[in-house]
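Input: a single structure, listed below in structure tokens.
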Amino acid sequence: MSFKITNNVTWVGKIDWELRNFHGDEYSTHRGSSYNSYLIKGKKNVLIDTVWEPFAKEFIENLKKEINLEDIDYIIANHGEVDHSGALPLLLKEIPNVPVYCTANGAKILKAHYHEDWNFVEVKTGDSLDIGDEKLTFVEARMLHWPDSMMTYMSGDNILFSNDAFGQHYASDLMYNDLVDQSELYQEAIKYYANILTPFSPILTKKIEEILSFNLTVNMIAPSHGIIWRDNPSQIIEKYMDWAKGYSENEIVIVYDTMWNATRKMAEAIADGIKSVDKDVTVKLFNAAHSDKNDIITEMFKSKAILVGSSTVNKSIMSATGGILDMIKGLGLKNKKAAAFGSYGWSGESVSLLNERLKGAKLELVNDGIKELWNPDVEGLKRCKEFGVDFSKKL
Ligand code: FEO
């Protein structure tokens, strides 16, 4: 499959409808993904990025239908991660001397992955490449999300090839933002941001401000995953600016794990308490062991407050809850209030351990948490409900 996006530019990537996990099992891709590669044909012919290695052969066969490989003048490697560079070894076996434009870190990373000394041309922000009627200008995007990440702007067609930034793991043959279901699109875009880009939010704000300062006309943002933003492409830039600045909605997330349902009953009673004093707030409950971890993170990212619960087991907390806490520590969620809860039978460490982990993740604890012995009775559930009321009032 290929798809002409302007007179000069053709999408030559791969839609991966089957993909359900990305980055090993760190990221769930319920709606598949795509590896977007773009071929610019003109006085000079340029290939921007490739696809993941399992699709390399298919990619090159398709590319040959678009162009004689010998006619490719330049390859741009915006990013060395294997989902975009995976077809380079096979491609460069056929055209070994073609220059590969990338950042200095990109050259290092590509060498370290493939152990090949290709014809690298290292570029920095502001460097450009004349390709005839158009010009490509490079913008380093260090740590968005790897040290080598870069964007390429094409004048004439005014396309920003943004690589991972502004992307979504979203397989769709509709290709453009205005043609797909908007709620699906934004669900995937915010999930991508929450789970991949959150740690880099401060860098991202500065980078977007820098790009905006160039006063470029941008008719399209063509990322390396998902759909192309052609209808009001600045909408996703504005969303990124929002998401990067301690974003929250009127939502509270309760994440817990439970051995015999006591901690689940506590979670539900706390939710009742919150709703009894705030009808407008959205409260979402997730059993961490039964729910998709990336969907939980997305909801945590959207929330203004987070409650985490776990039974005490072996003087510790349950493993699924621990996994989520590890994730939020690494991501560095901002601007979230928090509290802990859990049931116990004898030693009862879970709440104090949850408190430590929440503080370690830089969430703002609003109280010391609540624990209930064994299976909470009517009085115990009343205490949990009151805890929810009090928590809500402290937000
Ligand atoms: Fe889509 Fe960072 O690779």
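Which residue is surrounded by the fewest Cβ atoms within 10 Å (Cβ to Cβ), if the candidates are limited to the range 69-104 and must be within 13 Å of the ligand (Cβ to nearest atom) and either in a helix (DSSP H, G or I) or charged (D, E, K, R) (or both)? First the steps, then the outcome.
Filtering the range 69-104 down to residues within 13 Å of the ligand (Cβ to nearest atom) leaves 77-86.
Of the ones still in play, those that are also either in a helix (DSSP H, G or I) or charged (D, E, K, R) (or both) are 81-85.
Numbers: 81: 19, 82: 17, 83: 23, 84: 24, 85: 27.
The residue in question is 82.
Quick one: residue 45 ticks every box in (1) within 16 Å of the ligand (Cβ to nearest atom); (2) in contact with a helix residue (DSSP H, G or I) (Cβ under 7 Å, 6 or more places away or on another chain) bar one, so which box is it?
Among (1) within 16 Å of the ligand (Cβ to nearest atom); (2) in contact with a helix residue (DSSP H, G or I) (Cβ under 7 Å, 6 or more places away or on another chain), residue 45 violates only (1).
Would you tally the residues in the range 220-235 being within 16 Å of the ligand (Cβ to nearest atom) and out of contact with any Ser or Thr (no Cβ under 8 Å at 6 or more places or on another chain)?
Initially, the range 220-235 is screened for residues within 16 Å of the ligand (Cβ to nearest atom), giving 221-228.
Keeping just the survivors that are out of contact with any Ser or Thr (no Cβ under 8 Å at 6 or more places or on another chain) gives 228.
Number of matching residues: 1.
Take residue 88 and tell me if it is farther than 22 Å from residue 172 by Cα and in contact with a strand residue (DSSP E or B) (Cβ under 9 Å, 6 or more places away or on another chain).
yes
Which residue out of 63, 47 is touching a Leu at 6+ places or on another chain (Cβ under 9 Å), in a strand (DSSP E or B) and crowded, with 21+ Cβ neighbours inside 10 Å? Outline the logic, then answer.
Working: 63 fails: in a strand (DSSP E or B).
After ruling out the rest, the residue left standing is 47.
What are the pairs, 6+ residues apart or on separate chains, where a residue within the range 258-269 that is farther than 13 Å from residue 312 by Cβ has its Cβ under 7 Å from a residue that is in a helix (DSSP H, G or I) and hydrophobic (A, V, I, L, M, F, W, C)?
265/381; 269/381; 269/384
Specify the residue that is nearest to the ligand (Cβ to nearest atom); the eligible residues are those in the range 113-141 that are more than 24 Å from the chain's Cα centre (by Cα) and either in the same structural domain as residue 330 (by TED's automatic domain parsing) or aliphatic (A, V, I, L, M) (or both).
123
Taking the options 10, 29, name whichever one is open to solvent by less than 60 Å² (accessible area, probe 1.4 Å) and under 18 Å from the mean Cα position of the chain (by Cα). Step through it out loud before you land on a result.
Numbers: 10 fails: under 18 Å from the mean Cα position of the chain (by Cα).
The conditions single out 29.
The conditions are (1) crowded, with 16+ Cβ neighbours inside 10 Å; (2) of a type outside the set (Asp, Glu); (3) more than 14 Å from the ligand (Cβ to nearest atom), and residue 144 fails exactly one of them. Which is it?
Condition (3) is where residue 144 drops out.
Looking for whichever is touching a helix residue (DSSP H, G or I) at 6+ places or on another chain (Cβ under 6 Å) and in contact (Cβ under 8 Å) with a residue 40 or more places away in the chain here; the options are 311, 303. Which one fits? Spell out the reasoning first.
Details: 303 fails: touching a helix residue (DSSP H, G or I) at 6+ places or on another chain (Cβ under 6 Å).
Only one candidate qualifies: 311.
Note down all Cβ pairs under 6 Å where the first residue falls in the range 73-100 and is outside the structural domain of residue 148 (by TED's automatic domain parsing), the second is within 16 Å of the ligand (Cβ to nearest atom) and open to solvent by 10 Å² or more (accessible area, probe 1.4 Å), and they're at least six residues apart or on different chains.
As it stands, the answer is none, since no pair meets every condition given.
Which residue out of 137, 125, 152 is among the hydroxyl-bearing types (Ser, Thr, Tyr) and in a loop (DSSP other than H, G, I, E, B)?
Details: 137 fails: in a loop (DSSP other than H, G, I, E, B); 152 fails: in a loop (DSSP other than H, G, I, E, B).
Of 137, 125, 152, the one residue that is among the hydroxyl-bearing types (Ser, Thr, Tyr) and in a loop (DSSP other than H, G, I, E, B) is 125.
Can you tell me which residue in the range 190-226 is most open to solvent (accessible area, probe 1.4 Å), limited to those that are part of a loop (DSSP other than H, G, I, E, B) and of a type in the set (A, V, I, L, M, F, W, C)? Before you say what the answer is, go through the steps one by one.
Taking the range 190-226 and keeping what is part of a loop (DSSP other than H, G, I, E, B), we get 214-219, 224-226.
Checking which are of a type in the set (A, V, I, L, M, F, W, C) leaves us with 214, 216, 218.
Working: 214: 85, 216: 63, 218: 44 Å².
Checked the range 190-226; the qualifying residue most open to solvent (accessible area, probe 1.4 Å) is 214.
Per-residue answers, yes or no, for (1) over 28 Å from the mean Cα position of the chain (by Cα); (2) open to solvent by less than 30 Å² (accessible area, probe 1.4 Å):
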site: 271; (1), (2): yes, yes
site: 279; (1), (2): yes, no
site: 283; (1), (2): no, no
site: 298; (1), (2): no, yes
site: 370; (1), (2): yes, yes
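How about the range 159-181: which of its residues are crowded, with 17+ Cβ neighbours inside 10 Å and in a loop (DSSP other than H, G, I, E, B)?
Just the residues of the range 159-181 that are crowded, with 17+ Cβ neighbours inside 10 Å, to begin with: 159-172, 175, 177, 180.
Within the range 159-181, 164, 165, 166, 167, 168, 169, 170, 171, 172, 175, 177, 180 meet the criteria.
The values are calculated or read from the model by the stated rules, or taken from the named source; none is laboratory data. Remember, it's a predicted structure, so these values are computed and weren't measured experimentally. Note that we place each Cβ from the backbone using ideal geometry, even for glycine, and neighbour counts take in every protein chain shown. Protein only, heavy atoms only, side chains kept; ligands, DNA and RNA dropped before computing areas. Shrake-Rupley method; radii C 1.70, N 1.55, O 1.52, S 1.80 Å.
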